[in-house]
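> Input: one structure, supplied below.
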Amino acid sequence: MNARPRVLSLIQPTADSFHLGNLLGAVQYWPVLQESHECFYGVADLHALTVATEPEVVRQRTLVSYAQLMAAGVDPQRGAVFVQSHVPEHAELMWVLACMTGFGEAGRMTQFKDKSAKAGADSTNVGLFTYPVLMAADILIYGANAVPVGEDQRQHLELSRDLAQRFNKRYGRTLVVPEPHIMKNTAKINDLQEPNAKMSKSSPAGCVNLLDPLKTIEKRIKSAVTDSDTEIRFDPQRKPGVSNLISIIHGLTGQPIEEIVAGLQGQMYGELKKQAAAAVIAYAEPFQATVQSLLEDRAQLEQLMKDGAEKARQAAAATLDAVYDAIGFVRRAGR
Ligand code: TYM
């Protein structure tokens, strides 16, 4: 029995910087959960392989992602903070789960449908198809009770739950069925130019990266799309652009939405944007300095990754052994 409930979450190193959606939808909760949970956090480099990228870029982004987790307050001493490929048990469990996942079931994942439709069949790799199964393995290998992610990952989490239940039904109770941990007001931070779509690195003009020059951050927020009305109120359905900026202020300052709105009564949208830009810059400036100084000591960063992987592997190996036993594999020598 674990004394404290477990939490797992990963982030892909697919960009040179985390964006506001990553931070406010997920990463900002990670340090908080370290106070009450046994936490496993990491950089999903295996997942990042679904997009072909130059090896040096993959390496650099993995280091920068790890440093950003620390700059966001994640403490590698208070849990396991690791790189996914350093814990080979993820890929091993994935194979077992892949053999229990229906072809149609994987094909119904909306993220796969969207991405493969954009890329076309010839440019879509099998890794993209099995991506959610690897994600299920990430979660189930630690027996995670809760998974802090943004709204866009909900369907993948459902698959993890289904697979855990299916496994347990077939082989007896072995895997923990995880719950999502999705925060209401920041679960989806939207694109500043298309406020009905989620903020994503794939549309740079509407995306605010934490490591961008502060001037760029300010410019992006000031050119955010609002609406032709003039009233400042929180109504994500009818006023998506305005509500998104309010969510950003709320996510970064912790100030209740009603208070933010009340403070802006009678003001123009320019003032809302000014406050949003100020909140982002107040966060980004020290964040950038911390990331910079962490990257200057690569040896230390690599040592932290190594320690994190060791901690993670202990937990992961125990689950994998239980799974292999349950499915009838003959025990490996030394296990
Ligand atoms: P990734 O790397 O795309 O994003 C990392 C986290 O940021 C959240 N997020 C958002 N939240 C709110 N608004 C947005 N616009 C926004 N954009 C991204 C994501 O929901 C995520 O929590 N498949 C995952 C990585 C992963 C993972 C896992 C997560 C791999 N294995 C196991 C949890 C558990 C992904 O692509 O996240």
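The values are calculated or read from the model by the stated rules, or taken from the named source; none is laboratory data. The structure displayed is predicted, hence computed values, not measured ones. All Cβ positions, even for glycine, are placed from backbone atoms using ideal geometry, and neighbour counts span all protein chains on display.
> Output yes when any residue across the stretch 173-182 is at pLDDT below 95, in a loop (DSSP other than H, G, I, E, B), of a type outside the set (Gly, Ala, Ser) and touching a helix residue (DSSP H, G or I) at 6+ places or on another chain (Cβ under 7 Å), and no when none is.
yes
> To continue, here is another question. Just checking, how many residues over the stretch 154-172 are touching a residue at least 60 places away in the same chain (Cβ under 8 Å) and either assigned to a loop (DSSP other than H, G, I, E, B) or within 16 Å of the chain's Cα centre (by Cα) (or both)?
Step one: of the stretch 154-172, the residues touching a residue at least 60 places away in the same chain (Cβ under 8 Å) are 163, 166-167, 170-172.
Applying the additional criterion that residues be either assigned to a loop (DSSP other than H, G, I, E, B) or within 16 Å of the chain's Cα centre (by Cα) (or both) yields 172.
Selection size over the stretch 154-172: 1.
> In the stretch 13-23, how many residues are in contact with a Ser or Thr (Cβ under 8 Å, 6 or more places away or on another chain) and surrounded by fewer than 24 Cβ atoms within 10 Å (Cβ to Cβ)?
Number of matching residues: 2.
> Out of the residues in the stretch 264-292 that are surrounded by fewer than 18 Cβ atoms within 10 Å (Cβ to Cβ) and of a type in the set (A, V, I, L, M), state the one that is farthest from residue 250 (Cα to Cα).
Here the residue is 289.
> Also: Identify, please: which residue in the stretch 118-148 is modelled with pLDDT of 95 or more, of a type in the set (Val, Ile, Thr) and not in a helix (DSSP H, G or I) and is, among those, nearest to the ligand (Cβ to nearest atom)?
147
A quick yes/no check of all residues on (1) buried (at least 24 other Cβ atoms within 10 Å of the Cβ); (2) away from the ligand (no atom under 14 Å from the Cβ); (3) outside any loop (DSSP other than H, G, I, E, B); (4) in contact (Cβ under 8 Å) with a residue 24 or more places away in the chain:
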site: 30; (1), (2), (3), (4): no, no, yes, yes
site: 56; (1), (2), (3), (4): no, yes, yes, no
site: 59; (1), (2), (3), (4): no, yes, yes, no
site: 64; (1), (2), (3), (4): no, no, yes, yes
site: 73; (1), (2), (3), (4): no, yes, no, yes
site: 77; (1), (2), (3), (4): no, yes, yes, no
site: 85; (1), (2), (3), (4): no, no, yes, yes
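> Those residues that are more than 10 Å from the ligand (Cβ to nearest atom), at pLDDT below 95 and closer than 17 Å to residue 23 by Cβ, I need them from the stretch 183-203; list them, please.
Correct list: 184, 185.
> Just for the stretch 3-47: of the residues that are of a type in the set (D, E, K, R) and over 18 Å from residue 138 (Cα atoms), which one is farthest from the chain's Cα centre (by Cα)? Steps first, please.
Kept after step one, since they are of a type in the set (D, E, K, R), are these residues of the stretch 3-47: 4, 6, 16, 35, 38, 45.
Now drop any that are not over 18 Å from residue 138 (Cα atoms), which leaves 4, 16, 35.
Values: 4: 22, 16: 15, 35: 19 Å.
This residue is 4.
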